[in-house]
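In what follows, a single structure is set out as structure tokens and then discussed.
The values are calculated or read from the model by the stated rules, or taken from the named source; none is laboratory data. Bear in mind the structure is a predicted one, so any value in this text is a computation, not a measurement. We place every Cβ from the backbone using ideal geometry, glycine too, and count neighbours over all the protein chains shown. To get the accessible areas, we keep the full protein, side chains included, count just its heavy atoms, and leave off ligands, DNA and RNA. Shrake-Rupley method; radii C 1.70, N 1.55, O 1.52, S 1.80 Å.
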Amino acid sequence: MKRLILYSLMLLGVARPLYSQTELSLDEYKEKVLSYNQDVKSAQATIKAAQAVAKEIKTEFFPQLDGSGSYSYDFNPPVLALGSLSLDLKAPAWSAGGQLTQNIYTGGKLVASYNSAKIQQDIAMLAEELSVDNISYVAEQVYWNTSASKAFWNTAIEYRNILSRLYSTVQTRYQNGYVSKMDLLKMETSLKEADYQVSKAQQMHTNSCILLHVFMGVSTKEPLSLTDSISSSEAAMIVPYENVLQQRPDYLIKTREIALQKQKGKIDRSEFLPKVYVGGSMEYGTLLLNLNNNTIWSPRVFAGVSVPLFHWGKSRHSNKKNKALMLSKELAQSAAADEIRKELETAVNNMAETSKQIEIARENLDVARQSLDLHTFSYEEGKTAILDVQAVQLSWLQAYVNLIQSYLNNKLSVAAYRKTVSE
């Protein structure tokens, strides 16, 4: 039992309280963490990139204007011979102009590409929400574990004080010849173990505080005080499963991925549909055969059409591919829905059970405290052995640890529920 208690105290972090100047509630801590976290900032940058891609694709709906120009100089101009007449071509030749092109029909590729970009933008925004949910959950875990470590520190100090008081009693009884030195040595050993326990736990708590500071991007030397107490039961309003699905970013991402796959299928099909474009151009420059350096305007209009005819069944294979990918996306969405149902029911059950455990632990601590008082008094009267008192002390410590642990479990279960329902 003693090893279990020592392990629990070290694991959860027994240490000195934070010497604090700055008070920090849970909501304030989460806000600071979210404003600093690199994953959230990266998700925000991804949103901006997705917005830029959508705007980039939208430009392809409008006419495209391109300019061009050329210049050449022939150091040995050729001679144009026309029967008995020969003409020397001029050495320089140049032209400048522009071309305006407008896509009329691309087989639906442009529309599908634009829709895909808008869906990618939605996915990026949902991914940011998912990052916020995950980071908020971790922030709550860090906050409550650090808060719990302060409660465990107080428990460890109180346990050490209980041992000290009993040691004084044993020392007095030993000096008066009522007990053997064996009892005194047992108490000295217990005190040394308690000292080691506090020292080891402080190391764990310091690491916890480092995480608390680093997670929100402040110096580990900055003093903080956590104002929200671990010693209270907490609950949350239950959200129906159907509503949770519409709030969960990861599930909504699966939904948008299905829509995205539909647009990708349209893009693939556009490869096998006709394409039509029109345009016009204007050039100004020397004639093709520059005889006298005269220039001319050369306007031109054009239209083009491309009709796929035979590609060895490529469209059929492309269609099969997209159907298989669509089925894969739908199955992934269904699996996500099942996982969310499991998480929701587990989180609700954990909140209910941890609330019950708090009440049980409170009652157990009351009994353990009464038993400790009675056994301590009986030992002082010489009616109880030292081993019985030490066993009761450990029972009291275990009861106190269980109570704080139940508070912590309750806080973490509520945090897990908030993450599950994406609050």
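In this simple spin-label approximation, residue 199 and residue 165 carry label points 7 Å from Cα along the Cα→Cβ vector, and these lie 2.6 nm apart. If R0 equals 60 Å, the separation of the Cβ atoms of residue 75 and residue 312 corresponds to a calculated FRET efficiency of about 0.70. Computed from the Cβ-Cβ distance with R0 of 45 Å, the FRET efficiency linking residue 206 to residue 328 stands at 0.40.
The chain: longest stretch without exposed chymotrypsin sites (Phe, Trp or Tyr not before Pro) (DSSP loop, at most 12 other Cβ within 10 Å), sites themselves excluded? Result, exposed sites excluded: 179-309. Computed over the alpha-carbon atoms, the chain gives an Rg to Rh ratio of 1.34, Rh here being the Kirkwood radius from the mean inverse distance. Remark on the stretch 300-423: ratio of C-alpha radius of gyration to 2.2 N^0.38 Å is 2.41. Comparing 281, 131, 208 in a Gaussian network model of the chain, where Cα atoms under 10 Å apart are tied by springs, the biggest mean-square fluctuation is seen for 281. Ordering 146, 59, 246 by the projection of their Cα atoms onto the charge dipole of the chain, which places +1 on the Cβ of Lys and Arg and -1 on the Cβ of Asp and Glu, puts 59 at the extreme positive end. When the alpha carbon gyration tensor of the stretch 25-66 is reduced to an equivalent ellipsoid, its three semi-axes come out at 39, 8, 5 angstrom, largest first. Quick one: angle between helix 109-175 and the longest Cα principal axis of the chain, in degrees between 0 and 90, rounded to 10, please. That works out to roughly 20 degrees. Take the Cα of residue 220, step 7 Å toward its Cβ, do the same at residue 385, and the gap between the two points is 4.7 nm. By accessible area, using a 1.4 Å probe on protein heavy atoms only, the chain has 56% of its surface on carbon and sulfur. The slack between residue 353 and residue 373, meaning 0.36 nm per residue of separation minus the straight C-alpha distance, is 4.2 nm.
Shape class of the stretch 159-213 from the Cα gyration tensor (axes a ≥ b ≥ c, square roots of the eigenvalues): prolate, since a/c reaches 1.5 or more and a/b is larger than b/c. The heavy atoms of residue 39 offer some 90 square angstrom of accessible surface to a 1.4 angstrom probe. With R₀ set to 35 Å, the beta-carbon distance separating residue 176 from residue 228 gives a calculated FRET efficiency near 0.10. Site pair residue 320 and residue 41 shows an inter-label distance of 4.9 nm when each label is modelled 7 Å from Cα along Cα→Cβ. Which whole-angstrom value gives the distance between the alpha carbon centres of the stretch 191-236 and the stretch 367-385? Between the Cα centre of the stretch 191-236 and that of the stretch 367-385, the gap is 33 Å. Here the stretch 283-355 is assigned +1 on the Cβ of each Lys and Arg and -1 on the Cβ of each Asp and Glu. Its dipole about the Cα centre then comes out at about 640 debye. For the chain, the longest principal axis of the alpha carbon atoms and the long axis of helix 314-380 meet at an angle near 20°. Cross-link partners for residue 41 among the lysines, with Cα-Cα distance under 16 Å and sequence neighbours closer than 8 places in the same chain left out: 30, 32.
Ligands, DNA and RNA are left out, and with a 1.4 angstrom probe the accessible area of the chain is 57 Å² per residue.
Relative to the longest principal axis of the Cα atoms of the chain, helix 2-12 runs at roughly 40 degrees.
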